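Quick notes on the structure that follows.
The values are calculated or read from the model by the stated rules, or taken from the named source; none is laboratory data. Since the structure is predicted, the reported quantities are computational estimates derived from the model, not experimental observations. Neighbour counts are summed over all protein chains in view; Cβ atoms, including those assigned to glycine, are modelled from backbone coordinates with ideal geometry.
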Amino acid sequence: MTNTSFAAFGLAEPLVHGLEKAGFTTPTPIQAQSIGPQLEGRDILGVAQTGTGKTAAFGLPMLHHLLALKGRPAPRTCRALILAPTRELAVQIEQSLRAFAAGARISTLLVLGGLSRNGQIRSLSRGVDIVIATPGRLTDLMTEGAIELDQTRFVVLDEADRMLDMGFIQPVRRIVAALHPRRQSALFSATMPTEVRALAESFLKDPVSVSVTPESTTVERIEQSVELVDGPLKRARLASIVADPAVSRVIVFARTKRGADRVAQNLGKDGIPAEAIHGNKAQNARQRALTAFRNGTVRVLVATDIVARGIDVPGVSHVVNFDLPDEPESYVHRIGRTGRNGAEGIAITLCAPDEIKKLRAVEKVTRTRLLPGSVEEGPSRKQPRRGPKPSAGHGQGQGRRGQPAAPKPAHQEARRDSARPARGPRRPRRAA
């Protein structure tokens, strides 16, 4: 039986006060099913999408156990470790833990690339209660002898599938091998592919399994639409979307780091201030961009999939996929940045003709028809067209004289061949 209030868990008094101050009253499903077993010392294998409250699900039991410990951690050690795939998620986790602890004497440390290595080493030399880290920087400090994990008794792997997607499997295995054998562990993942399940089997001991959402399904509160737009015309269409006053706060997703910079620069040239965030930017620059977006200094954030998971910015009204992702599962996490905490959201995807294959992959993963006629393989090019043949130069997303035309809503795209740009008239053969 799951608890319907945080008070029923019997959490330490500072945590109860911290939850009240932060406005947390009723546990989410993942919290209701996960907190109790962890308070009893059980390992947890959790499958849940981002935005379901996983940080409190693993953070509250961890803090409760740490508050019961006496003394201080030994130099160069940490009592608890949380691994996250991205710096932004790690920062957000630490902020949440501080809010939950409500001033209790729990020390935390971010171990991330892009921040001062020497500062992290100095903090570790005194011993830390909780380290929140990305795998790359943590393994660097392990190699240097700046941190020892053999006394770490509480461990969490958050967004495990994302960590494996980013190539962190070997660093993660090295970190796990260095931990105390008698530890309490938790692994949370939005999906459970074979590689993650194998990691869980080697990492967890007799875990309690919790799953609160189907794999790779989209949030029903989000209104999704797809517009077929030729690549060169995407810039103008994006500017017209973002210029709408109803688009109060929007994240625009680009496929590459260079593409994100280009989209942000073009929006600036079109009179729409925007910040870009991706892995090549320094951590301080990434945090400044997120802060400006959160506080409303800028209402457009252009990002790669680095912010597709775990980043919770309140009030994101729209998500625009300027490019479709290479991995169809990323679409689910991208659009999950809007429609959070009971609010409704809108997701718009600008799909070029050469991205139709990626769109089909997204539809198969989400089990949602986003564009009529594109879930199945579609008609062969040798099949006759249905309806009148479009005029030359009037392909989808292109008007007269090459000017952008207002794209039709997805539900009006009834032609099975709408994914193909229109053909112009054939040129007459030259006489021999």
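Quick grid of which residues meet (1) assigned to a strand (DSSP E or B); (2) surrounded by fewer than 19 Cβ atoms within 10 Å (Cβ to Cβ); (3) not basic (K, R):
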{"position": "D161", "(1), (2), (3)": "no, no, yes"}
{"position": "I175", "(1), (2), (3)": "no, no, yes"}
{"position": "A186", "(1), (2), (3)": "yes, no, yes"}
{"position": "M192", "(1), (2), (3)": "no, yes, yes"}
{"position": "A198", "(1), (2), (3)": "no, yes, yes"}
{"position": "S202", "(1), (2), (3)": "no, yes, yes"}
{"position": "S240", "(1), (2), (3)": "no, yes, yes"}
{"position": "V247", "(1), (2), (3)": "no, yes, yes"}
{"position": "A264", "(1), (2), (3)": "no, no, yes"}
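The residues of segment 47-70 that are without any contact (Cβ under 8 Å) to a residue 60 or more places away in the chain and part of a loop (DSSP other than H, G, I, E, B), listed by number, are G53, A68, L69, K70.
Based on what the data block shows, is G113 surrounded by fewer than 16 Cβ atoms within 10 Å (Cβ to Cβ), in contact (Cβ under 8 Å) with a residue 12 or more places away in the chain and on the phi < 0 side of the Ramachandran plot? The answer is yes for G113.
Residues of segment 279-330 that are part of a loop (DSSP other than H, G, I, E, B), of a type in the set (K, R) and in contact (Cβ under 8 Å) with a residue 40 or more places away in the chain: R299, R309. Every condition in (1) in contact with a Ser or Thr (Cβ under 7 Å, 6 or more places away or on another chain); (2) over 23 Å from I277 (Cβ atoms) is met by G71 except one, and the failing one is (1). Identify all residues within segment 306-324 that are surrounded by fewer than 22 Cβ atoms within 10 Å (Cβ to Cβ) and of a type in the set (S, T, N, Q); write none if there are none. Selection gives S317 alone.
Residue pairs whose Cβ atoms lie under 6 Å apart, separated by 6 or more positions or on different chains, with the first residue in segment 245-264 and of a type in the set (D, E) and the second crowded, with 18+ Cβ neighbours inside 10 Å, are D261/A276. Hey, among the residues in segment 52-82 that are aliphatic (A, V, I, L, M) and touching an Asp or Glu at 6+ places or on another chain (Cβ under 7 Å), which one's farthest from T191 (Cα to Cα)? Across segment 52-82, the extreme among qualifying residues is L66. In segment 289-305, the residue that is farthest from the chain's Cα centre (by Cα) out of those that are surrounded by fewer than 24 Cβ atoms within 10 Å (Cβ to Cβ) and among the β-branched types (V, I, T) is T297. Residues in segment 86-96 that are out of contact with any strand residue (DSSP E or B) (no Cβ under 6 Å at 6 or more places or on another chain) and either crowded, with 19+ Cβ neighbours inside 10 Å or in contact (Cβ under 8 Å) with a residue 12 or more places away in the chain (or both): T86, R87, E88, L89, V91, Q92, S96. Look through segment 1-32, keep the residues that are in contact with a helix residue (DSSP H, G or I) (Cβ under 8 Å, 6 or more places away or on another chain) and without any contact (Cβ under 8 Å) to a residue 12 or more places away in the chain, and return whichever of them is surrounded by the most Cβ atoms within 10 Å (Cβ to Cβ). My answer is V16.
Evaluate segment 7-25: report whether one residue or more is under 19 Å from M192 (Cβ atoms) and more than 24 Å from the chain's Cα centre (by Cα). First the steps, then the outcome.
So in segment 7-25, the residues under 19 Å from M192 (Cβ atoms) come out as none.
No: segment 7-25 contains no residue that is under 19 Å from M192 (Cβ atoms) and more than 24 Å from the chain's Cα centre (by Cα).
Within segment 283-314, track down each residue that is in contact with a strand residue (DSSP E or B) (Cβ under 7 Å, 6 or more places away or on another chain), within 11 Å of V91 (Cβ to Cβ) and of a type in the set (A, V, I, L, M, F, W, C). Matches in segment 283-314: L290 only. For segment 71-83, the criterion of being in the same structural domain as G113 (by TED's automatic domain parsing), assigned to a helix (DSSP H, G or I) and under 23 Å from F9 (Cα atoms) is met by no residue.
Once segment 195-250 is narrowed to residues that are within 25 Å of P372 (Cβ to Cβ) and hydroxyl-bearing (S, T, Y), the residue that is modelled with the highest pLDDT is S240.
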